[in-house]
1. In this structure, is Ala65 in contact (Cβ under 8 Å) with a residue 24 or more places away in the chain, aliphatic (A, V, I, L, M) and assigned to a helix (DSSP H, G or I)?
2. Which pairs do you get when a residue that is without any contact (Cβ under 8 Å) to a residue 60 or more places away in the chain, found in region 2-16, comes within reach of a residue that is exposed (fewer than 13 other Cβ atoms within 10 Å of the Cβ) and not charged (D, E, K, R), reach meaning Cβ atoms under 8 angstrom, with the pair 6+ apart or on two chains?
3. Tally the residues that are touching a residue at least 24 places away in the same chain (Cβ under 8 Å) and farther than 18 Å from Gly19 by Cα, restricting the search to region 68-82.
4. Hey, among Glu52, Glu37, which residue is part of a loop (DSSP other than H, G, I, E, B), more than 13 Å from Tyr4 (Cα to Cα) and free of Cβ contacts under 8 Å to residues at least 24 places away in the same chain?
5. Of all residues being of a type outside the set (Val, Ile, Thr), surrounded by fewer than 10 Cβ atoms within 10 Å (Cβ to Cβ) and under 19 Å from the mean Cα position of the chain (by Cα) in region 68-87, which is nearest to Leu34 (Cα to Cα)? Just the residue, please.
6. Starting from residues that are at pLDDT 80 or above and among the β-branched types (Val, Ile, Thr), keep the ones in region 58-67 and report whichever is surrounded by the fewest Cβ atoms within 10 Å (Cβ to Cβ).
7. When you scan region 56-77, how many residues do you find that are more than 17 Å from Tyr4 (Cβ to Cβ) and out of contact with any helix residue (DSSP H, G or I) (no Cβ under 8 Å at 6 or more places or on another chain)?
Amino acid sequence: MYGYISEHHGYGMEEMQSGEYAEDLAATMLASTLGVEFDPDAAWNERKRVYETSSLIIESKSITAAAEGDASGLWTCTVAAAVFRFT
């Protein structure tokens, strides 16, 4: 049916925090597209329950890459990829 990929560039966040933020963002965008009524200011767990009871959002997952930057200020890069596969 539908899916959303979200991207988040964070600073000072660990991998798990960035992944949860990106998942929240994608689920919120999908819910608003599908017309699911929710409180955007509510905590993620509360919105997640609303999404699951709507039967429109089945699953969310994140693929996250994070790194601690170089102490001397050199560039640090991470890459994560997501692909929709239709069968």
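1. So Ala65 fails the test.
2. Tyr2/Thr33; Tyr4/Thr33; Glu15/Ala65
3. Final tally of qualifying residues: 0.
4. Step by step, each of Glu52, Glu37 is checked, and only Glu37 is part of a loop (DSSP other than H, G, I, E, B), more than 13 Å from Tyr4 (Cα to Cα) and free of Cβ contacts under 8 Å to residues at least 24 places away in the same chain.
5. Phe84
6. Ile63
7. Going through region 56-77 one residue at a time, the tally reaches 11.
The values are calculated or read from the model by the stated rules, or taken from the named source; none is laboratory data. No experiment lies behind these values; they were computed from the predicted model shown. Counting neighbours? That spans all protein chains shown, and the Cβs are built from the backbone with ideal geometry, glycine included.
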